[in-house]
Amino acid sequence: MKIMVGSQNAAKMGAARSAAAAYWPEVQVDGADVDSGVPGQPIGLEQTTQGALNRARAAYALGADLGIGLEGGVMEMAGRMVLFGVVGVFDGE
């Protein structure tokens with residue numbers, strides 16, 4: 001099983017490795033810098049989700065069995081700005 005993460009960020013790579021190893025002990029997880037297609041700091045659920053999915057699809061296209069995209073966003077909730085993350089996984093379908 002080969003998984004490609006749409007980033008070379010150490011925290012994102014570590015999270016993907018840890019999660020994947022729980023299911024596939026022999027998994028190979030690599031990362032590549034890919035374009036998210038959204039602003040550097042996505043605002044709102046829509047931009048953040050689109051960035052994660054764009055990263056997952058681009059990572060998959062590099063020859064992986066699964067592509068993973070992780071994107072951090074900000075949005076206003078209850079009068080405060082909050083940080084959140086979205087993970088997208090793409091398997092070609």
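Points to keep in mind about this one:
- Accessible surface of the chain, 1.4 Å probe: 53 percent of it comes from carbon and sulfur atoms.
- The chain, helix-only ellipticity at 222 nm - DSSP H runs n ≥ 4, -39,500 (n - 2.57), divided by all residues, nearest 500: -10000 deg cm²/dmol
- Pairwise label distance in nanometres, Ser18 with Asp65, each label 7 Å out on the Cα-Cβ vector: 2.2
- For the chain, the mean projected area of the C-alpha convex hull, equal to one quarter of the hull surface, is 6.1 nm².
- Across the range 26-41, rounded Karplus estimates of 3J(HN,Hα) from the backbone phi angles (6.51 cos²θ - 1.76 cosθ + 1.60, θ = phi - 60°) give 9, 5, 10, 10, 10, x, 8, 6, 10, 7, 7, x, 10, x, x, 10 Hz, Gly and Pro being marked x.
- 1.4 Å probe accessible area per residue over the range 11-56, in Å²: 59
- Net length available on complete extension from Leu45 to Ala78 is 10.4 nm, with 0.36 nm assigned per residue and the Cα-Cα distance removed.
- Two-site label geometry, Asp91 and Lys2: point separation in nm, points 7 Å out along Cα→Cβ: 1.8
- Computed over the chain with a Gaussian network model linking Cα atoms closer than 10 Å, the most mobile of Ala56, Ala21, Ala78 is Ala78.
- Across the options Ala19, Met81, Ala56, the greatest Cα extent toward the positive end of the charge dipole of the range 13-93 (unit charges at beta carbon of Lys, Arg, Asp, Glu) belongs to Met81.
- Short-range pairs are left out: with C-alpha atoms under 8 Å and at least six residues apart, the relative contact order of the chain is 30 percent.
The values are calculated or read from the model by the stated rules, or taken from the named source; none is laboratory data. Computed from a predicted structure; not experimentally measured. Cβ: placed from backbone, ideal geometry, glycine included. Neighbour counts: every protein chain shown. For accessibility, only protein heavy atoms count, side chains too; no ligands or nucleic acids. Shrake-Rupley method; radii C 1.70, N 1.55, O 1.52, S 1.80 Å.
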